[in-house]
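Contents: one structure, followed by commentary.
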C-alpha cells in the first residue's frame, strides 16, 4: 500500500507543473450498501470543468475509508494522476456550504437566546422599580416630621403608604412572573443550541479525520462533469445491520406463528449519512471466503502414559468442546418486504433496497427500519421435561416456507395472543427447515419426578459394589381447563463399553427412543385432557465387573 501511494505521489508531482488551477470538490454520500461489519460507500459531486488540465481536490472522504478499495470515476475529463494523503490534510475550503449552513444555524439560535434574555431583563426592570417604590414608602413612614401630625392626618398617610406599597408589591410579583414566563423559552432554545453545536461539531470531526485526495485531470473542452468516489469502510468497529424480530403465537381458530420484522443499523465511519439510498446485503465480506485446508493426519504408537490426575469437570468439558465439530453459523437474510422495500434474492447473497432516503449520524444514531410480517402455520403442543422443570412449556413447531433464510437475532420478544411471555434468542432458520419455538410456561401443567425407595442416605438408589438400580416415578397433571397434546421427555444412561451393561424398562413404553439421535433420550407422546393426570414408571439397572469403578 505504501509503495502504491508513493507511485501515486510521484506521478502526480510530475503532472502538477502542467495543471492550470485547483478546483475543490465537496462530495456528499449518495449511496450506501451495508453489510454486517462493513459498508460500501459512494460519494458524488457535480463540477464545472474548464478546458485544459486541472487538479480536483476531493473533499470529505474520512480516514476510515480503506485505501486499497478506493475508486474514483470522473465524467467529462480524462484522469491523469491521483495523489492520496492520510495525514496533514490541508484545511477544508472555508466556503464549504455544509459548514456555512451549520454556522449560520448556530448564529441564528444564539441570537434568539440573546433576544429572550433581553426581554426577560426588561420585564425585571419593573421588579426593580416596584422595589424602589416600596423602599421609599418605608422611609416615608419613618419620617420624624410625622410626629407633629394629628390623628386624622396620620391615618390618611398610613392608608396611603399601605395602598401604594401593596400596589408596588403586586407590580413586583407580576413583573417577576412575566420574566420567568419569558425565560421558559430558553429551555427549548437550549436544546436547539445543543443540536446546532453538535451538527457543526460533526462537520468539524469529518474535517479533522478525512483523507486528502487530489486528482489531476485533462478536459478536452469546457463543460459540466461528475465525480464519483467509492470505497469500503469498517468504521471504528460499530457498523452494520441486524434483524429485529417480534414472534407472535396465535392460538385462535388457526394456530399460527407471526414473525414481525425490522432491521437495526448503525455506523461510526466518521461521516454523517444524510438522505442516502440504502441497500442491505446478507453477504459477509469479512468472513471466510475460501474452503478450509486439510493437512495429512499422522498417527503413531507410543508406550502407554501414566494415569493423569483427575481434572475438574470444567476442564474436561473444555477439552471435549475443542474436539467437537464446530456448529455452522446460520445464514443471514431478510425477506422481500412490503411497501418501501425491494429485494433481490438471487445469486450468492440477498440484497434489500429501502425505498426512502435514510439519514444516520456517525457514532450517534441507532436506526430502526420497519419491514414486514411473515405468517406460518404452526403445530402447538406442550413439552414437559420433569427432570429439569416443574411445569410444561408451550412449543410451536413451524417451517420456514418463505423461500429464504432467516437471520439470527438476540433478545426476541415472544407473545401468545398479544401477551408477552418470553424473551429469547432466535438462532436463525434456513429455507425449508423446521423450528420448535418456545412460548413460555404453562402453569397449569404440573410435573413431578420422584425417586422411589430409600438406600444408604440416597433416595431410590439400591447399589452394591458392581451393580446399581434406580426406580423413578413421573407424574404430569393438567389443571388448565383445556386438553393438551403433550410430549414428555426423560432420559436413561447409556454406555459405549461392553463391560458396562445397562438395562431399562418403562411403563408405559416411550413413543420414541434416542430422540433427535441423542442416545438415552426418551419421549412419550400423549393427549392429556383437562383435569387428567398420567404416571410413568421408569426403572434402570447397571452392572459392571468387580474391581471397576462406575463414573
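Checking residue 482 against (1) farther than 16 Å from residue 391 by Cα; (2) part of a loop (DSSP other than H, G, I, E, B); (3) out of contact with any strand residue (DSSP E or B) (no Cβ under 7 Å at 6 or more places or on another chain), which single condition isn't satisfied?
(1)
Looking at (1) exposed (fewer than 13 other Cβ atoms within 10 Å of the Cβ); (2) in the same structural domain as residue 474 (by TED's automatic domain parsing); (3) farther than 29 Å from residue 380 by Cα, which is the one condition that is false for residue 548?
Residue 548 satisfies every listed condition except (2).
Among (1) at pLDDT below 90; (2) in contact with a strand residue (DSSP E or B) (Cβ under 7 Å, 6 or more places away or on another chain); (3) surrounded by fewer than 15 Cβ atoms within 10 Å (Cβ to Cβ), there is one condition residue 219 misses while meeting the rest; what is its number?
All conditions are met except number (3).
Test each condition in (1) modelled with pLDDT under 90; (2) loosely packed, with under 13 Cβ neighbours inside 10 Å; (3) within 18 Å of residue 390 (Cα to Cα) for residue 497 and report the one that comes out false.
(3) is the only condition that residue 497 fails.
Conditions (1) buried (at least 19 other Cβ atoms within 10 Å of the Cβ); (2) farther than 28 Å from residue 278 by Cβ; (3) under 25 Å from the mean Cα position of the chain (by Cα); (4) at pLDDT below 80, marked per residue:
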position: 197; (1), (2), (3), (4): no, no, no, yes
position: 215; (1), (2), (3), (4): yes, no, no, no
position: 231; (1), (2), (3), (4): yes, no, yes, no
position: 258; (1), (2), (3), (4): no, no, yes, no
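So that you can scan it fast, the table gives a plain yes or no per residue for (1) surrounded by fewer than 15 Cβ atoms within 10 Å (Cβ to Cβ); (2) in contact with a strand residue (DSSP E or B) (Cβ under 8 Å, 6 or more places away or on another chain); (3) farther than 22 Å from residue 515 by Cβ:
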| site | (1), (2), (3) |
| --- | --- |
| 374 | no, yes, yes |
| 378 | no, yes, no |
| 383 | no, yes, no |
| 388 | yes, no, no |
| 407 | no, yes, yes |
| 418 | yes, yes, yes |
| 423 | yes, yes, yes |
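The values are calculated or read from the model by the stated rules, or taken from the named source; none is laboratory data. The model shown is predicted, which means the values in this text are computed figures rather than measured ones. Reconstructed Cβ throughout: ideal geometry from the backbone, glycine too, with neighbour counts over all protein chains shown.
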